[in-house]
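Have a look at the structure below before the remarks.
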Amino acid sequence: MIIAVFSKPDYDCVIGERLYYLFDTGMATAMLILRATELGLVAHPIAGFKEERAKEILGIPDEMRLITLVIIGKHSNEINPVLSDAMKLGEKHRPPRKKLEDFVSINNFRDKFNE
Ligand SMILES: Cc1cc2nc3c(=O)[nH]c(=O)nc-3n(C[C@H](O)[C@H](O)[C@H](O)COP(=O)(O)O)c2cc1C
């Protein structure tokens, strides 16, 4: 299954140049992915698509931004041999994550830049 996630700025809070529709749609998408995971499915958001073409195929109105497609499937018993070694490893073990201290700062982010 592929879920198309789309929205437009005036569906959400606009404060000057701060448009919150992408933020809130991202949060909703995260919940969707969590729920799919809870159901034992695999869900991956992707940005690798042609927005205008996908909108045309799906009949999504022009004023909408197609933000992501969430690819949902089931784990296969066998790992596809076309995957790279890193991808194969990622299928069985959680991929490495950045350490919190690499991107979190206390009080002032500028200090982080100057480290
Ligand atoms: C904004 C965004 C765009 C992505 N676009 C693609 C994509 O076009 N193709 C793809 O194979 N994976 C894409 N991914 C990565 C997969 O969704 C990835 O499996 C997912 O982020 C889980 O990451 P993990 O394997 O590190 O847990 C994208 C991820 C994000 C956050």
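Where the centre of each part is set by its Cα atoms, how far does segment 17-38 sit from segment 44-59, in angstrom? The two parts, judged by their Cα centres, are 17 Å apart. A cut-off under 14 angstrom between Cβ atoms defines the neighbours of Lys8, and their net charge, with Lys, Arg +1 and Asp, Glu -1, is -4.
Looking at the chain, the pairs of alpha carbons with a distance over 25 Å make up 46% of the total. Diffusion coefficient of segment 14-80 by Stokes-Einstein, Kirkwood radius over Cα pairs, 20 °C, 1.002 mPa s: 153 µm²/s. The Stokes-Einstein estimate for segment 66-115, based on a Kirkwood radius over Cα pairs and taken at 25 °C with 0.890 mPa s viscosity, is a diffusion coefficient of 164 µm²/s. Sparse packing (at most 15 other Cβ atoms within 10 Å of the Cβ) combined with a DSSP loop state is found for the following trypsin sites (Lys or Arg not before Pro) in segment 1-108: Lys50, Lys74, Arg97, Lys98, Lys99. Tell me which DSSP H helices of the chain clear both cut-offs, 24 Å or more of axial length from alpha-carbon atoms and a mean Kyte-Doolittle hydropathy of at least 0.0. Span-like helices, by this rule, are 21-38.
For segment 1-36, applying the loop criterion from DSSP together with a ceiling of 15 other beta carbons within 10 Å to the chymotrypsin sites (Phe, Trp or Tyr not before Pro) yields Tyr20. Could you work out what % of the accessible surface of segment 27-115 is carbon and sulfur, using a 1.4 angstrom probe and leaving DNA, RNA and ligands out of the count? Answer for segment 27-115 is 57 percent, counting heavy atoms of protein chains only. Summing charges over neighbours of His75, with a neighbour being any other residue whose Cβ is under 12 Å away from its Cβ, gives 0 when K and R count +1 and D and E count -1. Counting lysine pairs in the chain that sit 8 or more residues apart in sequence, or on different chains, and whose Cα atoms lie under 30 Å apart gives 14.
The values are calculated or read from the model by the stated rules, or taken from the named source; none is laboratory data. Predicted model only: the values in this text are computed from it and were never measured. Glycine gets a Cβ as well: all are built from the backbone with ideal geometry, and neighbour counts include every protein chain shown. Keep in mind that these areas ignore ligands, DNA and RNA; they rest on the heavy atoms of the full protein, side chains included. Shrake-Rupley method; radii C 1.70, N 1.55, O 1.52, S 1.80 Å.
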